[in-house]
Amino acid sequence: MEPSEHLAELLGQHYPVALRLARSILREEEEAADAVQSAFGSVLKNFVNFREESSFSTWLNRIVVNQCLMRLRQLRRHPAVSMDAMSVEPQRPLYASSRLPGPEEVLQQREAAAAIERAVHGLPERLRDAWVLHEYHGLDLRGLSEALGISISAAKSRLFRARAELRRLLTNILGARPVLAS
């Protein structure tokens, strides 16, 4: 068996786990399949650089997670809008009373969101990845450990350290009590 055939067989064995991991991050079947395909292409192209410092599955999972994170960043920058959403006429309120926040409340919410975003960007990459996957994408500790290729206790530790660092950063940014509770 040629090395390329062996690699193809190895990727075939890991495909279901890689797809499940991508689905847990992206939450959409097509996006997950595209991310796994891109990750496998990257593995094929860069297999000669695999140093065996970790297991193949850990290396592959890290590449899948990176592909998913890149896709999430792209989707955030260029969100897709369905044609159905564009064609629906906005509904008019039945009466004039509004439960919408006032201008001051909107400004406070924007300032808090900007402070949180700055604090998240200030986290070290390892802590930021763990926090974003857990808080924004809803991964539990098991999913987080699979996505990052670490143990569940290491995932729990990263989340704890990420929260503590966010509290510290928010305190510095806001100059008062942080927005996030313990």
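Of the residues making up the stretch 141-163, those that are closer than 18 Å to residue 32 by Cα and out of contact with any helix residue (DSSP H, G or I) (no Cβ under 8 Å at 6 or more places or on another chain) number 0. Restricting 118, 126 to residues that are among the basic types (Lys, Arg) and under 21 Å from residue 39 (Cα atoms) narrows the list to 126. Taken together, the residues in the stretch 133-180 that are touching a residue at least 40 places away in the same chain (Cβ under 8 Å) and either hydrophobic (A, V, I, L, M, F, W, C) or over 30 Å from residue 59 (Cα atoms) (or both) amount to 11. Any residue that is in contact (Cβ under 8 Å) with a residue 40 or more places away in the chain and within 18 Å of residue 64 (Cβ to Cβ) - is there at least one of those in the stretch 122-130? Looking for residues that are in contact (Cβ under 8 Å) with a residue 40 or more places away in the chain and within 18 Å of residue 64 (Cβ to Cβ), one finds at least one in the stretch 122-130, hence yes. Of the numbered criteria (1) surrounded by 15 or more Cβ atoms within 10 Å (Cβ to Cβ); (2) at pLDDT below 85; (3) closer than 27 Å to residue 24 by Cα, the one residue 117 fails is (1).
Just one of the listed residues (42, 24) is assigned to a helix (DSSP H, G or I) and out of contact with any Asp or Glu (no Cβ under 9 Å at 6 or more places or on another chain), and it is 42. Taken over the stretch 24-46, residues that are of a type in the set (A, V, I, L, M) and surrounded by fewer than 18 Cβ atoms within 10 Å (Cβ to Cβ) amount to 2.
Could you list all residues from the stretch 151-173 that are of a type in the set (Ser, Thr, Tyr) and part of a helix (DSSP H, G or I)? Lay out the reasoning, then the answer.
Of all residues in the stretch 151-173, those of a type in the set (Ser, Thr, Tyr) come to 151, 153, 157, 171.
153, 157, 171 - these are the residues of the stretch 151-173 that are of a type in the set (Ser, Thr, Tyr) and part of a helix (DSSP H, G or I).
Among the criteria (1) of a type outside the set (S, T, N, Q); (2) modelled with pLDDT under 80; (3) surrounded by 10 or more Cβ atoms within 10 Å (Cβ to Cβ), the one residue 85 does not fulfil is (3). Among residues of the stretch 1-21 that are modelled with pLDDT under 80, those with a beta-carbon under 9 Å from a residue that is charged (D, E, K, R) and surrounded by fewer than 15 Cβ atoms within 10 Å (Cβ to Cβ) at least six positions away or on a different chain give the pairs 1/9.
The values are calculated or read from the model by the stated rules, or taken from the named source; none is laboratory data. Not measured: the values here are computed from a predicted model. All Cβ positions, glycine included, derive from the backbone under ideal geometry; neighbour counts span all protein chains shown.
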